[in-house]
Amino acid sequence: MRTKHIFTLIVCLFIGFSSEAQILKKLKKKAEQAAERTILRKTDEAVSKKTEKTIDDATKKRDTSDDNASEESTSSEGDNTALEKHKNAKQSFYREDVVIKLHENGKLNQTQYFDADAVAVRSVQNDMPKPNYVDSEGFIYGFKDGEYTKSSIVALQSQGMMMPTMMLEAYKLPPEPFMAQLQKQQDMGMTANPFNGIVEFAFIYKPDDFRYEDFKESKQTLRGKRYTKFEYLNEPGYEGSYVLFDDNGRLVEIYTKKTDTGNRDALEMGNMLPPGESVMVYDYQPVDVTLPKAREVRMQGQGLMEMVMGNANGSANSGSKDIDEDDYDTSDSKGMTKSVRNSIKNHKVSSSDLPSTYDFDWIYETEMHMGKNQKDNMGMNFLIKDGASYQATQMVDEKTKDMGNATMLFDADLKTMVMFMDANGTNYMQLYPIPDVKESTEKMDYKITELPSKTVLGYNCKGLQMEDDRYVFKVYHTSQAPIALSNFMNFSGAKNIDLPDIDPRIIEQFSKGLIMEMHMEDKKKSKNNVSITAKKLTKQSTSIHTKDYKNMNFFGMNKN
């Protein structure tokens, strides 16, 4: 069974809205990383730097010395010392030699020769007297004034995100597989994307990554060889673009034809790039790369950049051996990033659409424990108005309470999540869309066992256990509580939520009550374990007055 199935059930039991499900999924930091990692935040970070680099920056020579900027130099080296760091992990990821030709508007700009044994690249282009090289720690070797020098300035961890993200946008590649592998490389202690994504794409992308509604699949024969072609759909301004794989499932060509649509959406970095045709051709043939002896040169201010942006040439840790491939599976998150972006772009709700006041009658206090020994804990208070089409959640953390507090409110009628924030006397809010839930045809395979009843907060609670090959989920509910929530912790008021093949015993047990306790155990990784237990249910009137909060615009998606 897929690892997400049992957790899909958990979030269905707990939440009637899809965006709330997304928030709870974040509790499973690893198993749900691929689907829930904060892609938009990373994109925002890159956009905020206001870089004016184009796709040519990723493919053309970078001058690795500066006549007036040299800070210090080290002795020359001829050995591939970069490969000594996490060698097995690197060679496991970079599996075979490949020659990559990069074309822009019909012109061959650069050829890269990648050697999987050396995990290094030799780059040649017409305007360079000698080749450039890049090693597996992101050092760039350039020839100038009769010698090779190497610089680690682009080996900063942020660089492993920024340039490949621009490449993803330029070629409109699905970001989910890339983000998953970025996380995996970092988890293993590797320097992420030392080759700016150009080489990495060959080992990340597979045909199945393109098998969803944004691509049209077809078979074709070229020069006697069979290929699988994926043409871009639903991508205005990129008509005619495609990705090609050979009969071994290897990436062989990425072709984009961009027209100027006049759209300058801040969420899409690709719109920063000029119109035209771009092609990357991958040819898997033997390659031999020997790094030249080079004097290391550090640029002026590099130490400060490393301090601010991250350590150069490698992760600060030695890498985890506790790697589970399920943690990086993106097969059920295809198109998620684009869907989120479209939801944000098309979201029409503004602060003026909100009611003047959100009133609540009850406060339901719970405590959440996380980790192997359940040592990490946090309070969660739920503000409830019985029968209302909204509810709110407050996270209570003693470590950060002095920094202010935040309340997440989910309005079903407006399909909007509102984040109300109180920070040092300043009140502001942000509005986010609640995306529609996609239908699923996947089957859920789990074993259901009834548990002995127990008493929580003085209420008699019935228990049910659901188990598959990865998770054990235990949940207790009561029908004796004075409230039965319309949208939270039950099925009775869930709107448009997809519950694939839910056993009727589950719906019967949890549709008319209040969940009082939940335990989720990850059989493979105890650090993912989560428990939530009710602590107090109090009838108490509280209100949120929206006029007291200033709306902070998010990518221009809503206005006051």
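Observations on the model:
- Exclusive hit being within 15 Å of Val98 (Cα to Cα) and among the hydroxyl-bearing types (Ser, Thr, Tyr), set Tyr141, Tyr205: Tyr205
- Among the candidates Phe201, Phe195, Phe143, the residue that is surrounded by fewer than 21 Cβ atoms within 10 Å (Cβ to Cβ) and under 20 Å from Gln110 (Cβ atoms) is uniquely Phe143.
- Filtered residues of the stretch 147-199 (kept if in a loop (DSSP other than H, G, I, E, B), at pLDDT below 85 and touching a strand residue (DSSP E or B) at 6+ places or on another chain (Cβ under 9 Å)): Ser152
- Restricting Lys495, Lys462, Lys443, Lys474 to residues that are surrounded by 14 or more Cβ atoms within 10 Å (Cβ to Cβ), modelled with pLDDT under 85 and among the charged types (D, E, K, R) narrows the list to Lys495.
- Take the conditions (1) modelled with pLDDT of 90 or more; (2) in contact with a Phe, Trp or Tyr (Cβ under 8 Å, 6 or more places away or on another chain); Tyr432 misses just one of them, which is (1).
- Taken over the stretch 340-367, the residue count meeting the criterion of being loosely packed, with under 15 Cβ neighbours inside 10 Å and not small (Gly, Ala, Ser) is 6.
- Residues of the stretch 200-232 that turn out to be in a loop (DSSP other than H, G, I, E, B) and under 20 Å from Thr330 (Cα atoms), as a count: 6
The values are calculated or read from the model by the stated rules, or taken from the named source; none is laboratory data. In this text, all values refer to a predicted model and were calculated from it rather than measured experimentally. With ideal geometry, Cβ positions are generated from the backbone for all residues, glycine too; neighbour counts draw on all protein chains shown.
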